[in-house]
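Peer 1: Take a look at this one; I'll ask things after.
Rule-based calculations on the coordinates, nothing more; no lab input. Source: prediction; values computed, not measured. Cβ: placed from backbone, ideal geometry, glycine included. Neighbour counts: every protein chain shown.
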Amino acid sequence: MGMAAESQFHVLAVDDSIIERKLIERLLKTSSYQVTTVDSGTKALEFLGLHQDETINPNTPSVSPNNHQEVEVNLVITDYCMPGMTGYDLLKKVKESSSLRNIPVVIMSSENVPSKITRCLEEGAEEFLLKPVRLSDLNKLRPHMLRTKLRDHNQKQEKQEEKTAFQSPKQQKIEQNLQQQQQQCNTNKRGHR
């Protein structure tokens, strides 16, 4: 698969350690992924559009784009052990959310504890990577994102087919024109970035 197709993938990397965040960001960018990094599970949920009841300290710095609505996240990679919300807690929140549950989640940890690994995988993590994460580890991520992208595409197509099955030919034509205009707008937006 060429770099153009791979660059479509956007990864949200979560780690409370700035050194680990920078390392994973560099590895992901080397693999041609778009990357957003945050320093906590709470900020990850905010970026994904799922707000917590907890109060967030506005003085705590986070990294990279803050506007979650413009960007589709194709994978979350998170440290297991973080203050406040752990990577395991983040995994559970993502998998409990009807709008986020299809996003693959990968857990990273420097601790090789079989019970911890099993618990994460049983809760729905796609992978459990041991730190330090290496470039070769990131090759395991691509199939999960491809599978999710294909599933999302198929679901959108099914919804569209269901929608048009109950529309008159005139309504179908109007819907097609609207979709073409929306695609044109999206293409123009990408060209101006």
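Peer 1: Around Met108, which amide H atoms from residues at least 5 apart in sequence, or from another chain, sit under 5 Å from its own amide H, with H modelled in the peptide plane?
Peer 2: Amide H to amide H, under 5 Å and 5 or more residues apart or across chains, Met108 pairs with Thr78, Asp79, Tyr80, Leu129.
Peer 1: Enumerate the calculated ³J(HN,Hα) couplings along the range 31-48 in order (Karplus 6.51 cos²θ - 1.76 cosθ + 1.60, θ = phi - 60°), each rounded to whole Hz, writing x wherever the residue is Gly or Pro.
Peer 2: These are the phi-based 3J(HN,Hα) values: 8, 6, 9, 7, 10, 10, 10, 9, 9, 7, x, 4, 5, 5, 5, 4, 4, 6 Hz.
Peer 1: Also: Using the Cβ atoms and a cut-off under 13 Å, what net charge is assigned to the surroundings of Phe128, where Lys and Arg are +1 and Asp and Glu are -1?
Peer 2: -3
Peer 1: Can you tell me how the range 106-145 classifies by the Cα gyration tensor, rounded, prolate or oblate, using a/c under 1.5 as the rounded cut?
Peer 2: Note, shape of the range 106-145 comes out oblate.
Peer 1: I would also like to ask the following. Within 15 Å, Cβ to Cβ, of Ile117, how many net charges do the neighbouring residues add up to if Lys/Arg are +1 and Asp/Glu are -1?
Peer 2: -3
Peer 1: While we're on this one: List, in the order given, every pair from Lys43/Lys159; Lys29/Lys149; Lys22/Lys156; Lys131/Lys156; Lys95/Lys159; Lys43/Lys140 whose Cα-Cα distance in the structure shown is over 28 Å.
Peer 2: Pairs exceeding 28 Å: Lys43/Lys159; Lys22/Lys156; Lys131/Lys156.
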